Amino acid sequence: MTNEELWQSALAELETVVSKANFATWFQNTTIAARQEGAVVLHVPNAFAKEWLEYKYHKFIVKALRALSPEVRSVEYIISSQLPPLLARQKAQRGYLPQEEQMEFREFFVDRETNLNPRYTFETFIVGAFNELAHAAAFAVSKNLGTTYNPLFIYGGVGLGKTHLLQSIGNAVKKANPRLKVFYTSSERFTNELINSMQNNEVNGFKEKYRSYNLLVIDDIQFIAGKVKTQEEFFHIFNALYESGHQIVFSSDKPPQAIPELEERLRSRFAGGMVADISLPEYESRLAILKSKCHGKEAFINDEILEFIASNVQKNIRELEGSLNATIAKSKLLGKILSSNEVKEILAKNIQPKRLITANQIIKAVAQFYDMNEKILYEKTRKKEIVKPRQIAMYLLREDYNGSYPFIGQKFGGRDHTTAIHAFEKVAKEFKKSSQVFEEIKRIRELYEYENV
Ligand code: ADP
Ligand code: MG
């Protein structure tokens, strides 16, 4: 199948899963620019389209391509300059690319030996209260492999910079000492590679390869959950690396204690070095990130717009970047600085609105989870089995409802606001330290976020 045929068939498939308007907006003028050993590079018309295909449709695109051509492993997106698609395609096929695109290519192509993307560095990583500890630990590790914190385990929600930080370590180490062997992979790729090596009778080669790294970085280790064979092999590789003083770095969407179906011996290894979290960025950090992302871009953007975006986009950094890019694209199109109403419209379209949760929904979910009557939560009692759920309810009212402390105190039988502060701080601490509390809160949140209590 030629690239053209492959992409046209994939588009036909994609058209059925994407809404008409979105299909017209994001997929027009896209082509396959290159295909090599299962790596597909798509040409997209602008940064805006790139962002959206990458973050919203990537899974669909990979799936559609793989259904047609099973050897497809990865899809990358690069911005074709203003060339009409046919010309761009011909040039790409001839292996010729204009200068600026060659730069894009370099930006996009991961290093074959290390799997690292050179775009992710400490220099472009903004540090704020929300990620300070994780950054400090990562930086320290990059300076002292295998001795400071081993392993380093970084966890946090999606789009908060885990991959960026992990890759920064690898890039910094490689830059300081090109002779060191560095390898970045995800736990899914690790698993696939292991399975392939078993099928091809090459397990020994696989093990040897992994044991040779001075720095092994494994992203999204949570996906190792439930994979018994992978966990076993990984345990031995981990030990071999660790014993020879080689550095291992992990990321995960949850702390080691909260990863389900994980062998105990691995769990304790994961938690045996340094564990650091990345939480949601506060307003100041969001603004700093926006400012840094604007830097160097010719854009019709002013502080007011950045402040507006920073206060309205709170979910994660990926969404923050997406909103900024959408705003820049629109203002370029119109050739002017957008009014705050225009920005508001863009944000409304681009951000999935967080469903507004009421205080009562939170309290209901807590009561349901602990299987108790809601009214008991309001009672003035110090019984342990009631104090804990009540404190958790207070914590959630603060975290997810943004309730003021006096409001929260009032809500629970006219308690003083200091009681609410105390409850919040206590639970916040436990949330970080205790896997039990972490899991419970997660489950409660699921009740009101997905199940509409
Ligand atoms: P995760 O792996 O946690 O899902 P990523 O590392 O992929 O998140 O980050 C999502 C996007 O946000 C990336 O483009 C990344 O460069 C950017 N980003 C995340 N954290 C920061 C930061 N602290 N400073 C600058 N950019 C960041
Ligand atoms: Mg990631």
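Ratio of alpha-carbon Rg to the 2.2 N^0.38 Å globular estimate for the range 359-452, to two decimals, please.
Values: Rg = 12.0 Å, N = 94, 2.2 N^0.38 = 12.4 Å.
The reported ratio for this selection is 0.97.
Can you give me the accessible area per residue for the chain, using a 1.4 Å probe, in Å²?
Working: 23380 Å² over 453 residues.
Dividing the accessible area of the chain by its residue count gives 52 Å².
To the nearest Å, what is the center-to-center distance of the range 215-254 and the range 377-422, using C-alpha atoms only?
Here the answer is 40 Å between Cα centres.
How far is it, in nm, from the label point at H295 to the one at K63 when both lie 7 Å from their Cα along the line to the Cβ?
3.9
With each run of n ≥ 4 DSSP H residues scored as -39500 (n - 2.57), what mean residue ellipticity at 222 nm is computed for the chain after dividing by its residue count and rounding to the nearest 500 deg cm²/dmol? Mind showing how you got there, number by number?
Details: 22 runs with 256 residues, N = 453.
Only helices count here, giving -17500 deg cm²/dmol.
About the Cα centre, and with charges only on the beta carbon of Lys, Arg (+1) and Asp, Glu (-1), how big is the dipole of the chain? Nearest 20 debye, please. Present the calculation step by step, with values, prior to reporting the outcome.
Details: 61 positive and 55 negative charges, 135 e Å.
Taking the Cα centre of the chain as origin, the dipole is about 640 debye.
Given labels modelled 7 Å from the Cα in the Cβ direction, how far is it in nm from T124 to S279?
Simple spin-label model gives 2.8 nm for this pair.
Rounded to the nearest percent, how much of the accessible area of the chain (1.4 Å probe, protein heavy atoms only) is carbon and sulfur? Display every interim value, and only then the final one.
Values: 11830 of 23380 Å².
For the chain, the apolar C and S fraction of the accessible surface comes to 51 percent.
Please give the direction-averaged projected area of the C-alpha convex hull for the range 145-190, in square nanometres with one decimal. Let's see the in-between values first.
Working: hull surface 15.8 nm².
Mean projected area for the range 145-190: 3.9 nm², to one decimal.
Where in the chain are the helices, taken as whole DSSP H runs, whose Cα atoms extend 20 angstrom or more along the long axis and whose Kyte-Doolittle mean reaches at least 0.0?
Values: long enough: 3-17 (21 Å, -0.28); 162-176 (21 Å, -0.26); 228-243 (23 Å, -0.24); 317-334 (26 Å, 0.13); 384-401 (24 Å, -0.58); 417-433 (24 Å, -0.63); 435-450 (22 Å, -0.88).
Result, helices passing both filters: 317-334.
Residues with beta-carbon under 11 Å from that of S279, excluding S279: net charge, scoring Lys, Arg +1 and Asp, Glu -1?
Values: positive: K432; negative: E132, D277, E282, E399.
Net charge around S279: -3.
At 7 Å along Cα-to-Cβ for each site, give me the label-to-label distance between R443 and N402 in nm.
With each label placed 7 Å out from Cα toward Cβ, I get 3.0 nm.
Taking each pair of different alpha-carbon atoms in the chain once, compute 1/r for the pair, average those values, and report the inverse of that mean as the Kirkwood hydrodynamic radius in Å to one decimal.
24.7
Give the residue list of trypsin sites (Lys or Arg not before Pro) in the range 357-395 that are DSSP loop and have at most 15 other beta-carbon atoms within 10 angstrom.
K380, R382, K383
Would you rank H164, H58 by solvent-accessible area, highest first, keeping every protein chain in place and using a 1.4 Å probe? Let's see the in-between values first.
Details: H164 30, H58 60 Å².
Sorted descending by solvent-accessible area, the residues read H58, H164.
Relative contact order, percent, of the chain when contacts are C-alpha pairs under 8 Å separated by at least 6 residues? Display every interim value, and only then the final one.
Details: 624 pairs, mean separation 53.2, N = 453.
In percent, rounded to a whole number, it is 12.
Between E243 and A428, how high is the FRET efficiency from 1/(1 + (r/R0)^6) when r is the Cβ-Cβ distance and R₀ = 35 Å? Nearest 0.05.
On the way: r = 37 Å, r/R0 = 1.06.
About 0.40, to the nearest 0.05.
The values are calculated or read from the model by the stated rules, or taken from the named source; none is laboratory data. A quick note: this is a predicted structure, and the numbers were derived from the prediction, not measured. Here the Cβ is made from the backbone with ideal geometry for all residues, glycine too, and neighbour counts use every protein chain on show. Protein only, heavy atoms only, side chains kept; ligands, DNA and RNA dropped before computing areas. Shrake-Rupley method; radii C 1.70, N 1.55, O 1.52, S 1.80 Å.
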